[in-house]
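Everything on this sheet refers to the single structure shown next.
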Amino acid sequence: MTDHLTWGILGAAGFARTTMAPAIHAARRTRLKSVATRDPSRAIPFAELMPGLIVERSYEALLADPDIDAVYIPLPNSLHTDWSIRAAEAGKHVLCEKPIGMDVADLDRLIATREATGRVIAEGWMPAHHPQWHRTRQMIAEGAIGRLHRVTGSFTFPPPDPSNIRLSADLGGGALRDIGVYPLGGFRLGTGLEPAVHAVDWTQDHGVDTSAWVAMRCGEIRFDLHVSMRAAKAQDMLFHGTEGLLRLPAPFNPGPEGPAQIVLSRGGTDTQVITFPDIDQYVLQVEAMAASVLDGAAFACPLEFSRGTQAILDRILALGAEG
């Protein structure tokens with residue numbers, strides 16, 4: 001067993017270039033060796049980040065490299081499951097962008113592959129690694145806001161370019177798959193509960209959902225979710241209890257969208273603001289993969305958690321289609 005993970009990236013997506021490649025480069029006990037792309041010009045920014053980076057002309061060539069321990073997969077949504085499985089079967093550990101599957105059946109295939117190969121396969125749902133969410137769950141469980149009554153979660157951004165893959169039905173686009181997994185996963189992570197879907201209202205364009213409003217319940221607790229690719233950029237999670245409110249003003253992208261904070265209000269006047277250090281949750285995610293592979297540490301977002309979110313998302317998509 002080596003003392004570090006050697007990484008390759010399947011594809012030269014913009015997010016891989018601007019965020020994940022720098023995170024792999026900065027993380028402890030990791031190094032980035034290769035990027036696979038059919039267009040070598042798209043690898044130039046990666047090579048500028050790390051001189052000596054190898055550019056492979058095919059995904060298969062990268063997976064055949066015995067020096068590569070782990071791969072990061074930023075491909076279009078519809079390709080995530082198949083390439084994750086191919087990578088694991090080639091002996092690589094896998095960190096794949098969300099959503100890692102298109103439905104629960106995909107997650108079941110991934111879990112079966114993980115068990116058969118012994119490789120770590122995980123979804124890149126980065127909030128699970130940020131300490132603001134660990135503290136949020138602890139505070140709710142300890143009764144900081146009393147008994148939970150209502151939760152609201154939202155994530156929106158302005159219209160993307162019409163050629164953006166988020167607007168492609170064939171490639172698994174849509175607001176719910178792209179960003180709905182954040183407030184939905186945030187509810188599940190923060191509360192440890194599984195909501196039931198009651199109503200879905202959405203608007204569609206290009207054959208995909210571009211805005212969605214979802215009403216859910218878990219016993220007496222109501223959860224309202226809103227996502228949109230047609231509204232001003234915003235994100236928020238609010239946990240409303242019988243004795244107070246707990247709000248995360250930048251729950252999913254702290255840093256670029258504001259400081260990582262928990263705002264606790266009790267009685268309308270007693271407000272406490274807990275501010276967390278400016279840390280890169282993507283670096284934490286990569287380091288968590290290294291700890292999982294090299295040390296056997298539990299990964300904060302295992303496939304079972306991703307499956308739970310996907311099962312609820314499947315129900316939302318089915319109800320939306322019926323409506």
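Points to keep in mind about this one:
- In region 223-264, the residues that are part of a strand (DSSP E or B), crowded, with 16+ Cβ neighbours inside 10 Å and without any contact (Cβ under 8 Å) to a residue 60 or more places away in the chain: 247
- Of all residues in region 55-75, none satisfies being of a type in the set (S, T, N, Q) and within 22 Å of the chain's Cα centre (by Cα).
- Positions within region 71-113 being closer than 19 Å to residue 311 by Cβ, in contact with a strand residue (DSSP E or B) (Cβ under 7 Å, 6 or more places away or on another chain) and not hydrophobic (A, V, I, L, M, F, W, C), in sequence order: 80, 84, 98, 113
- Matching residues in region 180-193 - criterion: being within 13 Å of residue 316 (Cβ to Cβ) and either part of a strand (DSSP E or B) or out of contact with any Ser or Thr (no Cβ under 7 Å at 6 or more places or on another chain) (or both): 180, 187
- Any chance residue 311 is touching a residue at least 24 places away in the same chain (Cβ under 8 Å), among the aliphatic types (A, V, I, L, M) and either buried (at least 21 other Cβ atoms within 10 Å of the Cβ) or closer than 20 Å to residue 23 by Cα (or both): no
- Residue 209 being under 18 Å from the mean Cα position of the chain (by Cα) and either buried (at least 22 other Cβ atoms within 10 Å of the Cβ) or closer than 30 Å to residue 85 by Cα (or both): no
- Among residues of region 26-40 being surrounded by 14 or more Cβ atoms within 10 Å (Cβ to Cβ) and in contact with a Lys or Arg (Cβ under 8 Å, 6 or more places away or on another chain), the one that is farthest from residue 73 (Cα to Cα) is 37.
- Against the conditions (1) of a type outside the set (Asp, Glu); (2) out of contact with any Leu (no Cβ under 9 Å at 6 or more places or on another chain); (3) within 25 Å of residue 323 (Cβ to Cβ), residue 189 satisfies every one except (3).
- Where strands (runs of 3 or more DSSP E) sit wholly within region 34-146, those with at least 2 residues that are modelled with pLDDT under 95 occupy 54-56.
- Checking 241, 190, 185, 207 one by one, the residue that is small (Gly, Ala, Ser) and over 28 Å from residue 135 (Cβ atoms) is 207 and no other.
- Matching residues, region 194-210, being modelled with pLDDT under 95 and charged (D, E, K, R): 205
The values are calculated or read from the model by the stated rules, or taken from the named source; none is laboratory data. This is a predicted model, so every value here is computed, not measured. Heads up, the Cβs are rebuilt from the backbone with ideal geometry, glycines too, and the neighbour counts pull from every protein chain shown.
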